[in-house]
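Here the structure comes first, spelled out in structure tokens, and everything after it is commentary.
Bear in mind these aren't lab numbers, they're just calculated from the coordinates by the rules spelled out. These numbers come from a predicted model, not from an experiment. Methodologically, a virtual Cβ is constructed for each residue, glycine included, from the backbone with ideal geometry; neighbour enumeration extends over all protein chains shown.
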Amino acid sequence: MDLELAIKNRRAIRKYNDVLVSEQEINKIIEAGTWAPSACNIQGWHFIVLNKDDLVNIIKKGGGATFLKNINQAILVIYDRTSDNTEYMDYIQSGAACIENMLLMAYSMNIGTCWVNNLPSKRELRKMLNIPWYYDPIGLVTIGKYEQKINERKRKYDLNDLISYGKYDGLNKHGPNRGFIKMYIRRLMRNIYYKMPFKTTLIKLFGQLEKKFDN
């Protein structure tokens with residue numbers, strides 16, 4: 001498959017049919033992730049393959065994106081966080097590069113994916129999935145076969161508004177994606193939610209407030 005075509009046509013898919021992705025296909029997707037660049041060539045990624053029961057249990061205990069309860073398979077990408085570069089969090093960048101490779105490979109195989117970060121707190125995930133302290137959860141990739149047509153979507157911004165030369169020129173550039181007050185309120189609510197010992201009663205409420213997608 002042409003690389004430019006894959007980059008421009010890949011979309012997040014949240015609804016899949018009942019045909020499971022085979023172990024061989026999962027391994028091929030993960031292998032693509034291991035060929036991503038990593039800071040200092042550490043290659044500190046690890047992959048936890050989850051089934052429907054695992055995902056339902058995670059949502060039930062810790063909350064997260066509500067559509068996950070309908071997902072049959074997913075891959076949690078975790079990465080060794082023992083880096084001295086705390087300024088740029090290079091382990092997060094490495095894990096993210098790995099995930100992008102996985103998304104593109106899956107698309108080339110006609111397998112749908114969605115990169116999810118609306119998950120339980122990292123502390124809870126470590127406890128539920130027996131993740132060692134030195135690994136940080138980076139993101140969850142849902143996977144599945146799909147039949148619906150993928151709608152084409154244009155980019156939100158003109159390319160010329162996204163490029164500066166030499167320094168940020170501030171001309172014709174878009175501002176923050178969210179209003180500061182709204183963002184801080186949502187951030188505060190998320191932090192409170194993560195720290196509540198009995199959050200199961202609020203999962204339904206937060207699910208109603210969650211942004212919904214038609215794909």
One finds, for TYR157 and ASN110 with R0 = 25 angstrom and r their Cβ-Cβ distance, a FRET efficiency to the nearest 0.05 of 0.30
Packing-ranked peptide list from 110-116, 120-126, 1-7, 19-25, highest mean Cβ count within 10 angstrom first, is 110-116, 120-126, 19-25, 1-7
With the 8 Å Cα cutoff and a minimum separation of six or more residues, region 1-124 has a relative contact order in percent of 39
Note on region 3-209: contact order normalised by length, alpha-carbon pairs under 8 Å, 6 or more apart, percent, works out to 27
With 0.36 nm assigned to each residue of separation and the Cα-Cα distance removed, THR66 to ILE185 gains 40.8 nm
Between ASN117 and ASN17, the two model label points (7 Å from Cα along the beta-carbon direction) sit apart by a distance in nm of 3.3
By the C-alpha gyration tensor axes a ≥ b ≥ c (rounded if a/c is under 1.5, else prolate when a/b exceeds b/c, else oblate), the shape of region 1-136 is oblate
